[in-house]
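To keep things clear, I will list the structure first and then write my remarks on it.
The values are calculated or read from the model by the stated rules, or taken from the named source; none is laboratory data. Because the structure is predicted, anything quoted here is derived from the model rather than measured. Cβ placement follows ideal geometry from the backbone for every residue including glycine, while neighbour counts extend to all protein chains displayed.
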Amino acid sequence: MNAVTVIAGDGPIVLAQPHSGTFVPQDIAANLTARGRKLADTDWHIPQLYDGLLPDATIVRAEFNRYVIDANRPPDGATLYPGQNTTGLVPMVDFENHPLWLEEPGDAEIARRREAFHRPYHAALQAELDRVRGLHGFAVLYDCHSIQSCLPFLFEGRLPDLNIGTDNGATCHPAIEAAVANACADGPYSHVVNGRFRGGWTTRHYGRPDCKIHAIQMEIAQSTYLEAEEPPFAYSPDKAASLRDTLAAVFGGIQSTFGDLA
């Protein structure tokens, strides 16, 4: 299996999907705990959730699971949220603080995975952003994520349904942040801007409005589109239909800002 899937579109929006993959090479899978092999922290069904909402978008998707290596973490492993619990470049524990490995991967193994998986994903993403910016004069990176709505190890209480991240406004034109927030406010879901999740490494690394690349992260509570937030993490078409309406409005809002970005 290829580590990365690229579907090139003609529009100015690039959908990054770093955490929806479920591929784990056999040698890596053999070292996962029984709990780890469930891949519980996957951003389940993100490709299906977004399918067809933006036909001219480019999609860059990591097919490898985040337990192999996390494509939304800095390659040097630096923490994204100092002082808060989080997981690393190659996570050693899951989102409930349970060990993932029978034997923790060492520095050499992490470096091997970085070259085999993390680097190709970001090379593909950078290439598509450059291509799209060349076509339109600007590019908008929309980073697609989802997570369980209640994870005490990572945050208190229940997560809002829709979590918009722009690193406190640094990663995109303010019109984009406002348009996305307004679209979320008009729907039936709770939302927050730059709350617990204000954008991971992808958003912060690529979001350079002065260079005509704008980035925004959407972290969705999985309760909004899964039958249940537990195995088998089944997709709920009924729940997802309503959420897709709101996401379509989000994309409409982003498209309305294109005049400000050119």
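Numerical summary
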| item | result |
| --- | --- |
| Members of segment 137-158 found to be farther than 28 Å from GLU230 by Cβ and surrounded by fewer than 17 Cβ atoms within 10 Å (Cβ to Cβ), listed by number | GLY137 |
| All strands (runs of 3 or more DSSP E) inside segment 137-247 with 2 or more residues being of a type outside the set (A, V, I, L, M, F, W, C) | 139-147, 162-165, 213-221 |
| Given (1) at pLDDT below 95; (2) within 16 Å of the chain's Cα centre (by Cα); (3) farther than 25 Å from PHE233 by Cα, index of the condition GLY77 fails | (2) |
| Looking only at segment 163-191, and only at residues there that are in contact with a strand residue (DSSP E or B) (Cβ under 9 Å, 6 or more places away or on another chain) and either within 16 Å of GLU229 (Cα to Cα) or of a type in the set (Asp, Glu) (or both), the one that is surrounded by the most Cβ atoms within 10 Å (Cβ to Cβ) | GLU177 |
| Filter result for HIS214 (touching a strand residue (DSSP E or B) at 6+ places or on another chain (Cβ under 8 Å) and more than 12 Å from TYR142 (Cβ to Cβ)) | no |
| When residues of segment 125-136 are limited to those that are under 23 Å from ILE220 (Cβ atoms) and of a type in the set (A, V, I, L, M, F, W, C), the one surrounded by the most Cβ atoms within 10 Å (Cβ to Cβ) | LEU125 |
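Here is a yes/no grid of residues against (1) within 15 Å of the chain's Cα centre (by Cα); (2) surrounded by 13 or more Cβ atoms within 10 Å (Cβ to Cβ):
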| site | (1), (2) |
| --- | --- |
| GLN26 | no, no |
| ALA34 | no, no |
| ARG37 | no, yes |
| ASP43 | yes, yes |
| LEU53 | no, yes |
| ASP56 | no, no |
| ARG66 | yes, yes |
| ILE69 | yes, yes |
